[in-house]
Amino acid sequence: MWVHLLSVVGFFIWNISVTDGLPDCCNIERTDDALQVMCLQCHLQAIPLDVPKKTTFLDLSWNNVKSLLRESFNNLPFLEHLTLTRNKLSLIWSGAFDHLVNLKHLDLSYNLLDVSSFKGSVFQPLNNLRIFSINDNKFYLKNTFPETIFRSLPQIESLSIGLFDGFIFGKEFLNLTNLKTLKFHQDSKLSIRNTSFKGLEIMNISDLTFFVKTKVLESNALYPFQNLSSLYLNSRRYNDIRSVLPIIYGLRGRTMETIRLSYNYARNAGTVRLGKWDIRFLSTVCVRKLILSDNAIESISIAAVLSWTSRGCIKYLDLSGNSLHSPQVFFILKLFPSIQHFDCSFKRSVFLRKRSNIFDQRVYLPNSLVYLNFTHSQLTIFGYVNFVENNNLKVLDISYQQPSLECGGRMKGLEHLTEFDISGIDCSTPHPEMFTEMLMLSKLRARESQLGNSRTFHTRSLFKGLDSLSYVDLSSNQIANLNSNTFIDQTESLKTIVLADNIMERLPFQILKQLNVLEMFDIRNNRISSLTYSEYTLLHNYQSKSDNFTVKLAGNPLVCDCESLDFISWIGTTQAIYDKDQLVCVHNNMKIVKLLESFHEFRIHCVSQFWLTVSTSLAVIVLVFGIVLRLAWRYSVRLRSLCRQPVEHDTYPYDIFVSYCREDCRWIRECLATWLEGHDIEYSAEDKTFDTGLDLCDNIMGAIDDSYQTVFVVSCKFLEYEWQTFAMKLASRYSFREGRENMNIIILLDDMKQSEFPKLIRDIWDKIRPLQWPNEHNTDKTRLGTARKLFWEKLLKRIRKGNKRLVACSLVESTV
């Protein structure tokens, strides 16, 4: 009847809750020999059917799976790790695990399972299972645990189960002959009595963990665990540490590797002080590693420590997360002769008494101590404490003190220190010799220490003489640049530099060039937009020298444009960038690895854009050059005419200088030249008087200077071509300069209007009064001869006007 009922329920659940595919929230990670599928908080109602067949790790935590059916894992023969914690499992169907022959780790904790949820034989196929967690289910409701499951799992090595009052380990549990680790997790309150673990003396359990709230905790309860080497008891902030310590008595006379008693304090109950009565339980055990973290311990009396007869066994002591006062810590620390590791970090806030003057004194450390951790504490030692010499301290962490300290002092007695963490300490005004005596220092962390605001840090090397320094973390210091001498003494030792979360816009190129053994350079989350050819070539050279070299660039506002084309190309080919898949283009938030998939098209686009830019630039240059030429054309004519000093003559060598274009040579030769020679008029012209060795412009201005007047023979061709040339512009500008306006004659061979002439001529048109040459187009043929005779008379009159030589000649002719 019961089996039939389960069949009906199973069939019903199968039909309504089967899931056909993996949801988008699932994360799949592949490695060389493993395939991990994680579907956390995906609201799954059942096991997905299309989980990849080669999956080795499957995590379906925090979903709503209510049952495991016979077909749930049919296609997962390689699965080794299955986690179903924090679902709503209440039923496991027979045969659900039949195909999981390679499963080694199964976690069914924090579900709704009870004794009626499955048969004990359901786990029988799991022959390779080594770790099994089934704690925090509903077995405590009926105070019954299905021990028959242990009959099928004799090979498991680690078991996590829940306890309840009256729990008894039956014969089936004793079948777990390979069990080494036993963990008890339970939210409900229970009693651990001297008889709770009776019968387990024959078990070989070495690691025991309690995450339980206890109503009663009897001192001899742990006596049956004869082979125990590690104990962890966490009362989930329900029991006071003083009520927990008596359980150690059950291990009396033993030598233990680790005892951890953490989170044992009653909420809102204040701090506790441990005295001789409490410590006497610890005295019964020789333990190498003792962890008493997060127990609200305010103090341990000196008398209690002195009565602690087995304290010489302790090499590792963790008092972190308590409320111990710093002065007392140094007093009791000296009382542990064999201690090597001491942790007093993360001090809880309590009312602070007036500070002792111990900080002005010398501090003695045990010679065996090599590790000292005071991070996130309330220890004001920096610059005030001098550690007594001849100690062997190698690691010191005083980071993030509350309130914040200043590193303005110089710590002494740390000549053997190899690792030092001063993160969170205000080093805006550091002592210039703060590290002078730490000659063996190899690792330094100074995160969030305001070094970017330090003038000392930028003007001199704080690390002078530290030639063993191999690791430096200067993250989050508002550093914009580094002095080139910052690591001048670490060229052969520095292997790791962390400069993440600063404000650097360029790589510290000069520093990087000096370092010969660099293996890791972290410049994440700065303001670097691109790397120059020299910068990424330097990184490439580092990677060529050592395959271990890596650089971290993620979080920088990298610009992916055509100007950074070579840099992006280098990203695609280099093996030096550790976080290449996290590099993002700042303008479109695209991952660079995605851009590299279409990099060929991007390069073509950039080349096209380049030539478009070049052609546009050339067009602009040609346009500007044309404008400049035009301005030069315009203003150089004026400049040359103004700069030339005219030659003064009492008697001019020539009466006129004739300017004309070559198209009018025939008229010049047949008409004008003949007429000029007939009237004994000396004239200068290009074909007659110009010096072939001189520049044309100089010839023209020289001819104008040597002639009393200038005659411009103007035709349509002259206006269209010749007057637009530089030489004619210069000639007209020079000839019509101030003082010579009336010493120019214009002969018009064609019919032309005033508006067709240059502005220079138009402005003085009325003074010039050009002479029109009579021709068939502008004069009646019957009057052509008379008109031309009149033209020659007017021209002669104009030429003779003011010319003393010609005037004298005309008087002689008149007399004769």
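The values are calculated or read from the model by the stated rules, or taken from the named source; none is laboratory data. Quick caveat: nothing in here was measured; it's all calculated off a predicted structure. Note that each Cβ is placed from the backbone with ideal geometry, even for glycine, and that neighbours are counted across all protein chains shown. Areas reflect the complete protein model, heavy atoms only, side chains present, ligands, DNA and RNA absent. Shrake-Rupley method; radii C 1.70, N 1.55, O 1.52, S 1.80 Å.
Here are the numbers for this structure:
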{"read-out": "Count - residues of region 394-423 that are over 18 Å from Phe463 (Cβ atoms) and among the β-branched types (Val, Ile, Thr)", "value": "2"}
{"read-out": "Single match in Ser109, Ser117 (criterion: free of Cβ contacts under 8 Å to residues at least 60 places away in the same chain, part of a loop (DSSP other than H, G, I, E, B), under 29 Å from Leu141 (Cβ atoms) and hydroxyl-bearing (Ser, Thr, Tyr))", "value": "Ser117"}
{"read-out": "Residues that are more than 21 Å from Pro154 (Cβ to Cβ) and of a type in the set (S, T, N, Q), drawn from region 86-109", "value": "Asn87, Ser90, Ser109"}
{"read-out": "Identity of the residue in region 214-247, under 47 Å from the mean Cα position of the chain (by Cα) and either more than 22 Å from Asp165 (Cβ to Cβ) or basic (Lys, Arg) (or both), that ends up surrounded by the most Cβ atoms within 10 Å (Cβ to Cβ)", "value": "Ile241"}
{"read-out": "Filter result for the condition that a residue is modelled with pLDDT under 90 and surrounded by fewer than 18 Cβ atoms within 10 Å (Cβ to Cβ), over Phe169, Phe150, Phe164, Phe145", "value": "Phe164"}
{"read-out": "Pair list, Cβ under 7 Å, 6 or more apart: region 485-500 residue surrounded by fewer than 15 Cβ atoms within 10 Å (Cβ to Cβ), other residue part of a loop (DSSP other than H, G, I, E, B) and of a type in the set (S, T, N, Q)", "value": "Ile488/Ser461; Glu492/Asn516"}
{"read-out": "Selection count, region 200-212, where residues are more than 18 Å from Gly253 (Cα to Cα), in a strand (DSSP E or B) and open to solvent by 40 Å² or more (accessible area, probe 1.4 Å)", "value": "1"}
{"read-out": "Residue within region 505-525 that is aliphatic (A, V, I, L, M) and closer than 20 Å to Ile568 by Cβ present", "value": "yes"}
{"read-out": "Qualifying positions in region 272-312 - closer than 14 Å to Leu335 by Cβ, of a type outside the set (S, T, N, Q) and surrounded by fewer than 17 Cβ atoms within 10 Å (Cβ to Cβ)", "value": "Lys276, Ile302, Ala303, Leu306, Gly312"}
{"read-out": "Subset of region 120-142 (residues that are of a type in the set (A, V, I, L, M) and either open to solvent by less than 10 Å² (accessible area, probe 1.4 Å) or in a loop (DSSP other than H, G, I, E, B) (or both))", "value": "Val122, Leu126, Leu129, Ile134"}
{"read-out": "Qualifying positions in region 576-633 - of a type in the set (D, E, K, R) and out of contact with any strand residue (DSSP E or B) (no Cβ under 6 Å at 6 or more places or on another chain)", "value": "Lys580, Asp581, Lys594, Glu597, Glu601, Arg603, Arg630"}
{"read-out": "For Pro154: the one exception among (1) in a loop (DSSP other than H, G, I, E, B); (2) free of Cβ contacts under 8 Å to residues at least 40 places away in the same chain; (3) out of contact with any helix residue (DSSP H, G or I) (no Cβ under 8 Å at 6 or more places or on another chain)", "value": "(3)"}
{"read-out": "Search result, residues across region 319-336 that are at pLDDT 90 or above and under 13 Å from Gln378 (Cα atoms)", "value": "Ser320, Gly321, Asn322"}
{"read-out": "Residue count, region 539-563 (criterion: touching a Lys or Arg at 6+ places or on another chain (Cβ under 8 Å) and either part of a helix (DSSP H, G or I) or of a type outside the set (A, V, I, L, M, F, W, C) (or both))", "value": "4"}
{"read-out": "One residue from Gly693, Gly702 being at pLDDT 80 or above and open to solvent by 10 Å² or more (accessible area, probe 1.4 Å)", "value": "Gly702"}
{"read-out": "Inter-residue pairs, beta-carbon under 9 Å, first under 17 Å from Tyr223 (Cα atoms) and in region 177-201, second in a helix (DSSP H, G or I), 6+ apart", "value": "Leu182/Leu200; Ile192/Ile247; Asn194/Gly250; Gly199/Phe173; Gly199/Leu174; Leu200/Phe173; Leu200/Leu174"}
{"read-out": "Residue list for region 213-235, restricted to those being of a type in the set (Lys, Arg) and either touching a Phe, Trp or Tyr at 6+ places or on another chain (Cβ under 9 Å) or assigned to a loop (DSSP other than H, G, I, E, B) (or both)", "value": "Lys213"}
{"read-out": "Complete set of residues in region 13-37 that are at pLDDT below 90, closer than 20 Å to Ser61 by Cβ and either open to solvent by 70 Å² or more (accessible area, probe 1.4 Å) or of a type in the set (S, T, N, Q) (or both)", "value": "Ser17, Thr19, Asp24"}
{"read-out": "Wholly within region 18-89, strands (runs of 3 or more DSSP E) carrying at least 1 residues that are of a type in the set (S, T, N, Q)", "value": "27-30, 35-38, 81-83"}
{"read-out": "Scope region 438-456; condition farther than 14 Å from Glu406 by Cβ, within 23 Å of the chain's Cα centre (by Cα) and among the hydrophobic types (A, V, I, L, M, F, W, C); matching residues", "value": "Leu444"}
{"read-out": "Residue within region 179-198 that is over 21 Å from Leu245 (Cβ atoms), open to solvent by 60 Å² or more (accessible area, probe 1.4 Å) and not charged (D, E, K, R) present", "value": "no"}
{"read-out": "Phe97 being assigned to a loop (DSSP other than H, G, I, E, B) and surrounded by 22 or more Cβ atoms within 10 Å (Cβ to Cβ)", "value": "yes"}
{"read-out": "Tally, over region 38-68, of residues that are modelled with pLDDT under 90 and over 22 Å from Phe123 (Cα atoms)", "value": "1"}
{"read-out": "When residues of region 567-576 are limited to those that are outside any helix (DSSP H, G or I) and of a type outside the set (Gly, Ala, Ser), the one most open to solvent (accessible area, probe 1.4 Å)", "value": "Gln575"}
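Yes/no per residue for (1) over 18 Å from the mean Cα position of the chain (by Cα); (2) open to solvent by less than 50 Å² (accessible area, probe 1.4 Å); (3) within 24 Å of Leu474 (Cα to Cα); (4) among the hydroxyl-bearing types (Ser, Thr, Tyr):
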position	(1), (2), (3), (4)
Ile528	no, yes, yes, no
Tyr533	yes, no, no, yes
Thr537	yes, yes, no, yes
Gln543	yes, yes, yes, no
Val551	no, yes, yes, no
Asn556	no, yes, yes, no
Leu565	yes, yes, no, no
Asn588	no, no, no, no
Glu597	yes, no, no, no
